[in-house]
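Enquirer: Before anything else, here's the structure in question.
The values are calculated or read from the model by the stated rules, or taken from the named source; none is laboratory data. These figures come from a predicted structure and were not determined experimentally. Here the Cβ is made from the backbone with ideal geometry for all residues, glycine too, and neighbour counts use every protein chain on show. Areas reflect the complete protein model, heavy atoms only, side chains present, ligands, DNA and RNA absent. Shrake-Rupley method; radii C 1.70, N 1.55, O 1.52, S 1.80 Å.
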Amino acid sequence: MDVQAIAKNVRVAPSKVRLLADMVRGKKVDEALKMLLFTSTPNAQAVAKTIKSAAANAEKSFQMAPEGLVISKIYVDSGMTMKRYRSAARGRVSPVLKRSSHITVVVTEQENHGAQS
């Protein structure tokens with residue numbers, strides 16, 4: 001059974017969050033949270049929060065064991081883009097695009113609980 005959590009309009013560019021998503025895809029939930037804890041970027045907090053939410057959804061709603069959960073899918077879509085402008089040379093204007101992300105995490109139970117991945 002798949003259980004998901006979605007964090008919408010996280011004020012981080014999707015390209016930056018995708019690097020973190022690629023790092024934890026396919027890992028166990030507790031292992032992924034440890035990896036994100038020691039990652040130097042502050043954007044890891046948003047990904048970790050979404051992973052914790054998906055694990056909590058699985059535990060509370062579907063009575064799945066939290067130690068047997070694996071991140072089966074994690075993907076980052078682009079959210080809304082706020083458009084701002086900055087003055088440039090010779091009286092012109094240059095756009096500043098403040099991008100946001102939608103982070104989706106899908107967790108499933110590991111098939112064989114005894115094996116290490």
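Yes/no per residue for (1) closer than 19 Å to Ser100 by Cβ; (2) of a type in the set (S, T, N, Q):
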{"site": "Glu31", "(1), (2)": "no, no"}
{"site": "Thr39", "(1), (2)": "no, yes"}
{"site": "Asn43", "(1), (2)": "yes, yes"}
{"site": "Thr50", "(1), (2)": "yes, yes"}
{"site": "Ala65", "(1), (2)": "no, no"}
{"site": "Val70", "(1), (2)": "no, no"}
{"site": "Tyr75", "(1), (2)": "yes, no"}
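Enquirer: On to the next question. When region 46-55 is examined, which residues are found to be open to solvent by 60 Å² or more (accessible area, probe 1.4 Å) and over 17 Å from Asp77 (Cα atoms)?
Expert: Of everything in region 46-55, just one residue is open to solvent by 60 Å² or more (accessible area, probe 1.4 Å) and over 17 Å from Asp77 (Cα atoms), namely Lys52.
Enquirer: For region 1-54, give me the residue count where each residue is among the basic types (Lys, Arg) and without any contact (Cβ under 8 Å) to a residue 60 or more places away in the chain.
Expert: Final tally of qualifying residues: 6.
Enquirer: Looking at region 73-87, I want the residues that are among the polar types (S, T, N, Q) and have a partner that is in a strand (DSSP E or B) and surrounded by 11 or more Cβ atoms within 10 Å (Cβ to Cβ) with Cβ atoms under 6 Å, at least 6 apart or on another chain. Which pairs are those?
Expert: Pairs found: Thr81/Arg99.
Enquirer: Given the conditions (1) under 16 Å from the mean Cα position of the chain (by Cα); (2) surrounded by 12 or more Cβ atoms within 10 Å (Cβ to Cβ), which single one is not true for Phe38?
Expert: Answer for Phe38: the failing condition is (2).
Enquirer: A further question follows. When region 63-93 is examined, which residues are found to be open to solvent by 40 Å² or more (accessible area, probe 1.4 Å), in contact with a strand residue (DSSP E or B) (Cβ under 7 Å, 6 or more places away or on another chain) and closer than 10 Å to Val107 by Cβ?
Expert: Of everything in region 63-93, those that are open to solvent by 40 Å² or more (accessible area, probe 1.4 Å), in contact with a strand residue (DSSP E or B) (Cβ under 7 Å, 6 or more places away or on another chain) and closer than 10 Å to Val107 by Cβ turn out to be Ser72, Lys73.
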